[in-house]
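Notes to accompany the following structure.
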Amino acid sequence: MARITQVADRDATPETASLFEAIKKKIGMVPNLYRVAGNQPAALAGLLGLNEALAGGGFDARTREAIALTVAGANACDYCASAHAAISSGLRVPPATIEDHLAGQSDDPRTGAILEFATEIVESRGKVSDGDIAKARSAGLTEADIVETVANVVANIITNYLNHVAETDIDFPARRARAA
């Protein structure tokens with residue numbers, strides 16, 4: 001049971017209700033994570049705005065979802081592992097690849113480099129080494145890719161931590177994140 005209220009439509013403030021309507025129009029439902037964030041409309045608007053902005057970046061949806069899975073695995077966020085596994089499945093990512101992404105791995109060299117760097121960002125709390133940057137560059141990541149990886153990691157850390165604090169009820173096919 002969630003420790004922070006998952007705002008029901010009937011209990012939403014006008015600002016939160018408007019944001020919920022936008023979410024429903026886009027994806028057909030309001031995930032419980034957004035219902036928790038709806039307790040503070042500015043927080044919900046910030047989450048939505050950051051994700052919308054990142055969708056316009058250089059990484060495609062599959063890459064963004066791979067990062068989300070990696071961060072969920074590194075932070076042991078079962079809610080995000082469940083949500084992003086479902087989203088990845090909808091993007092036709094094979095189950096074995098989803099498992100690899102939860103472990104921060106990929107058979108694709110570029111995606112693998114992004115996920116390795118994302119894992120290092122999480123594990124070092126952003127204090128990556130010069131060697132980590134050099135390794136990312138030598139794998140072909142541009143400075144734009146490095147910045148975009150950081151931004152995607154941070155966007156997912158927000159949701160991981162909010163889910164940890166709230167103990168959000170999982171409303172996707174439930175699964176466990178890899179990390180303990």
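The table below lists the values:
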{"item": "Simple Cβ-charge dipole of the stretch 74-133, Lys/Arg +1 and Asp/Glu -1, about Cα centre, in debye nearest 20", "result": "220"}
{"item": "Gaussian network model of the chain, springs between alpha carbon atoms under 10 Å - residue of 81, 61, 134 with greatest fluctuation", "result": "134"}
{"item": "Accessible solvent surface per residue of the chain, calculated while the other protein chains remain in place, 1.4 angstrom probe, Å²", "result": "52"}
{"item": "The chain - percent of accessible surface contributed by carbon and sulfur, probe 1.4 Å", "result": "55"}
{"item": "Overall dimensions of the stretch 1-75 as given by Cα atoms, namely Rg and Dmax in Å", "result": "13.5, 38"}
{"item": "18 Å cut-off, amide nitrogen to a point 7 angstrom out along residue 76 Cα→Cβ, residues in the stretch 93-122", "result": "102-104, 119-120, 122"}
{"item": "Relative contact order (percent, whole number), the chain, Cα cutoff 8 Å, 6+ residue spacing", "result": "34"}
{"item": "Rounded Å value of the spacing that divides the Cα centres of the stretch 1-57 and the stretch 101-136", "result": "29"}
{"item": "Cβ-placed point charges (K, R +1; D, E -1), dipole of the stretch 1-147 about Cα centre in debye, nearest 20", "result": "400"}
{"item": "Anchor residue 135: lysines whose Cα lies under 18 Å away (excluding residues fewer than 8 positions away in-chain)", "result": "127"}
{"item": "Per residue Cα convex hull volume in Å³ - calculated over the stretch 58-132", "result": "85"}
{"item": "The chain pair-distance distribution - Cα-Cα, 10 Å bins, rounded %", "result": "10, 38, 35, 14, 3, 0"}
{"item": "Residue-averaged [θ]222 nm for the chain, counting only DSSP H segments that reach four residues, each worth -39500 (n - 2.57)", "result": "-21000 deg cm²/dmol"}
{"item": "Debye-sum result for the stretch 114-176 in log10 I(q)/I(0), which assumes one identical scatterer on each alpha carbon, at q = 0.24 Å⁻¹", "result": "-0.97"}
{"item": "Whether the stretch 33-78 is rounded, prolate or oblate, judged on the alpha carbon gyration tensor where a/c under 1.5 counts as rounded", "result": "oblate"}
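The values are calculated or read from the model by the stated rules, or taken from the named source; none is laboratory data. Remember, predicted model here, so these are calculated numbers, not experimental data. Cβ: placed from backbone, ideal geometry, glycine included. Neighbour counts: every protein chain shown. In case anyone asks, the SASA skips ligands and DNA or RNA and just uses the protein heavy atoms, side chains included. Shrake-Rupley method; radii C 1.70, N 1.55, O 1.52, S 1.80 Å.
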